[in-house]
Amino acid sequence: MGNTEIRLNPEKVQAVINDLTSFHDFAVPGAVSQVTKKNDEVANPYHLDTFKANVNSHNESLRSKIADLQACLDAAKAANDCGITTKKPDGTIAYIVADGHSETIENIKKDNPVDDWRAAKKDAADLVNASEKGISPEDWDKLIQRVQAKQDDPEYAACMLNTIGPGRLLDLPIDIQGQFPKPPPTRGKYNLDSPRPHAGMHLAEVFGHLIATRSQGWNDSQAKAYADRLVQYAGEKNKGARVESLNAILSASRSQDIDGDGANETVGLDYNDAFLSELAHKLESFKSQGGYDSRITAPNGRTNMFGNGSNSLEGVVHAMTGNLDVAEQWLTVRTSKGEVDTQKTADRTQSLIKRATVNGWVVPGTWSDQWEEDWLMLAAEHAVRGMEDSGGGPQHAAVTSAVLNTIGENAEHKSWANTDYMTLTERGRNAASIALASYPYAIQKTASSTSEINKDWVSENDGNSWARGKNAQGKNYQPVIHTKALKSLLGEVGQDNAAVARYVSSQELFNKTQLNTAISGGEDSNKINSILNDQAAARGFTSGSIVSQSEKIDADTNARVAAFGEVTGMAISAIPLPQAKAGGAALSAGTKFAMNFGKAAASNAAEASVKGLYGKGNNSEEIKSNGRQANVEFQTLSVLQAAYTQDERKRILKTNTGTSLTPIIGPNGELKVDLNLVNPYGDGNEDNKSNETDKDDKDDKDIHGLTSEQRQALAHLAGEIPTDKQDAVPEKDAPAMRDHGAMRDFKQNRVDAYDSGFDNAMKNQ
């Protein structure tokens, strides 16, 4: 909403108010007194009650008009004092009337919140005074709470920023923290804590809210001008701490559900697009005038919390996580024809991430948890948007690929802490899982590859029914995730229950969709066999990645693999095949599982440590063996249900020798094990609910693990499953067998594929 300025001369208006007030207070009462006196002198020939009532009524009306004039003058003075409007050379000042509002006194008061402006001006003065003269911890608590309560008020924000210029704004968090040094030693004991160790950071967060709130009322010119001034003041000589203060200001956060799973993520505040874009481009080429900032190390030896400001982009990258449109424009490189250049977009993204390293070494104060988390969050947001992009999502795939590969490969950097492997925070793990969950096909391609994938950024794929967005040529863009990066990222995702549930829900939903599409589409058995191999390899690769990372960080390997195995088994059963074939984290079936059941399933298995056969194992070989067995059993059951008819299953039962198949196949070829009600990774004794936290769902069903007899039958059938007509002994009136040639060596193919994925992940630990 814009504003119209109503200008006035304060001296002239005040003179009018004074004259009217004098008339009200003295002239009118004096005139009434004279009339009354004269009437008394002639023996009261007139009754003056009506006269006096009329005079009083008009005088009260005059009093109201005087008050209205005073309100207008006060509004203009407050607006001028607080920088909302400016004084003209002719001496006029102005109050404002919002566009669409008539100039009534009610609207003038509403559009000119004098009390808020004055409160902001006083709070600004108190902040400056506290930074210069000091303040007690208790009084600081009251002041910061008062400011925090108004930080999202547009009028308060406008006045505060007009009162405190950009340079002083950057200084205040630094100076306030300087007022709370470490206390002196007491009886030889040193107190390492400041009485308010986060005072400066709390003020910086407030300033972030004030700027974000105020920026929404700026036009593009105003927004760019303020961004330019911030950068200019941040680069002043001997003010090196200012850029880190700016980083802290821009690191203020809000909560937002970016992937539709019902859980909020932490992202940056919502800023004016032009402001943030200008700020990002300016800070990208930021150069300080240098010099020593004495505030970085105070005389008492206290190191300032804001550091040296060597990474000028840390704050603005965090802000980008809450402003994806701006982030997309900032990172995307286009050709002269306006088309996305995926190679240059990915290269640009990588180069920005690597600004926090020098030759593989982490520069202290630059590569922070926040830096890593925010780039992963940007990848997650791009990934979610990319799967919905009607143009196939080339820029989203490019950014996602660059982030995942750069962090997954290069965060295994040399560091001053001698850390030779990547670790992520909880926020980082969940962001990585959102990105990976959005591109299950890309994960499968890397995990199932027999050779190391270590180059390229983006692949262009034809006719994928699981991808929602496609360009005019029917193509969808996928990130190319490098083997080393995927291993590192999956290993860390596997350390968090919520993250692994989100990832698994997407992957297993994709597996179901992929296999069902192939079978229902009449694909030959070779294609089906290839899909099964890829799925087995992906499960093996994920398990191996979790084992590898768990061993590196000294986590409970059994617990983490058990969590993955349990949630995988439950996802296979609990996630229904979607009616609309599409992939990505936004699919309702997958997200419902992750929200309502997956996290709990992973948590329960992790707590039990050795939940189910899949998680039992004292070393990586035992874990691989158990995971391989579970995968063989499930894929055998899956093929038996999807690829073989009931008549064919009847023939299999009749011609079988050795281990009985009756635990899984009935006399008429019916399956005795419901694929949608079995947890192949369970121990056969649990009685789980597919959606036990969904209290409104009336269709809760019991999900059981395979019994030992069912496992034996499936293990036997995996090695004996008929592949063609000749594999079955001819028998009179026996149902005919179709050709299933690609199922030859079925068990060995499942074993080899799973082992290949697992070993690939465990390679070169």
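The numbers here are math on the coordinates, done by the rules we state, and not lab data. The model shown is predicted, which means the values in this text are computed figures rather than measured ones. Neighbour counts run over all protein chains shown; Cβ positions are idealised from the backbone, glycine included.
A few notes on this one:
- Approximate spin-label separation LYS52-SER708, in nm, with each point projected 7 Å along Cα-to-Cβ: 11.0 nm
- Cβ crowding within 10 Å averaged over residues, with 535-545, 447-457 ranked highest first: 535-545, 447-457
- Difference of contour (0.36 nm per residue) and Cα-Cα distance, ASN238 to THR659: 143.3 nm
- Alpha-carbon Debye profile of segment 9-67, log10 I(q)/I(0) at 0.30 Å⁻¹: -1.18
- For the pair ALA27 and GLN148, the difference between a 0.36 nm per residue extended length and the Cα-Cα distance amounts to 38.6 nm.
- Per-residue HN-Hα couplings for segment 48-59 [Karplus 6.51, -1.76, 1.60; θ = phi - 60°; Hz; x = Gly/Pro]: 9, 4, 5, 4, 5, 5, 5, 4, 4, 4, 5, 5
- Within segment 3-111, the proportion of Cα pairs with more than 17 Å between them is 63 percent.
- Rg over Rh for segment 527-576 works out to 1.08, using Cα positions for both radii and the Kirkwood form for Rh.
- Segment 435-579: radius of gyration over Cα atoms, expressed as a fraction of 2.2 N^0.38 Å: 1.06
- Each residue of segment 397-403 is assigned a 3J(HN,Hα), and the resulting list reads 5, 5, 5, 4, 4, 4, 5 Hz, derived from the Karplus form 6.51 cos²θ - 1.76 cosθ + 1.60 (θ = phi - 60°), x at Gly and Pro.
- Using the Karplus relation 6.51 cos²θ - 1.76 cosθ + 1.60 with θ = phi - 60°, the per-residue 3J(HN,Hα) values for segment 538-551 come to 5, 5, x, 5, 4, 4, x, 5, 5, 4, 4, 5, 4, 5 Hz, with x marking Gly and Pro.
- Exceeding the 22 Å Cα-Cα cut-off - candidates LYS52/LYS109; LYS445/LYS470; LYS475/LYS763: LYS52/LYS109; LYS475/LYS763
- Relative packing of peptides 512-521, 475-484 - highest average C-beta neighbours within 10 Å first: 475-484, 512-521
- Contact order relative to length of segment 3-111, as percent, for alpha carbon pairs under 8 angstrom and 6 or more apart: 41 percent
- Distance between the modelled labels on ALA642 and LYS88, one decimal in nanometres: 7.6 nm (7 Å Cα→Cβ projection).
- Extension gain for GLN343 to ASN264 (0.36 nm times residue separation, less C-alpha to C-alpha distance): 25.2 nm.
- Peptides ranked, highest mean first, by Cβ atoms within 10 Å: ranges 379-387, 559-567, 130-138: 559-567, 379-387, 130-138
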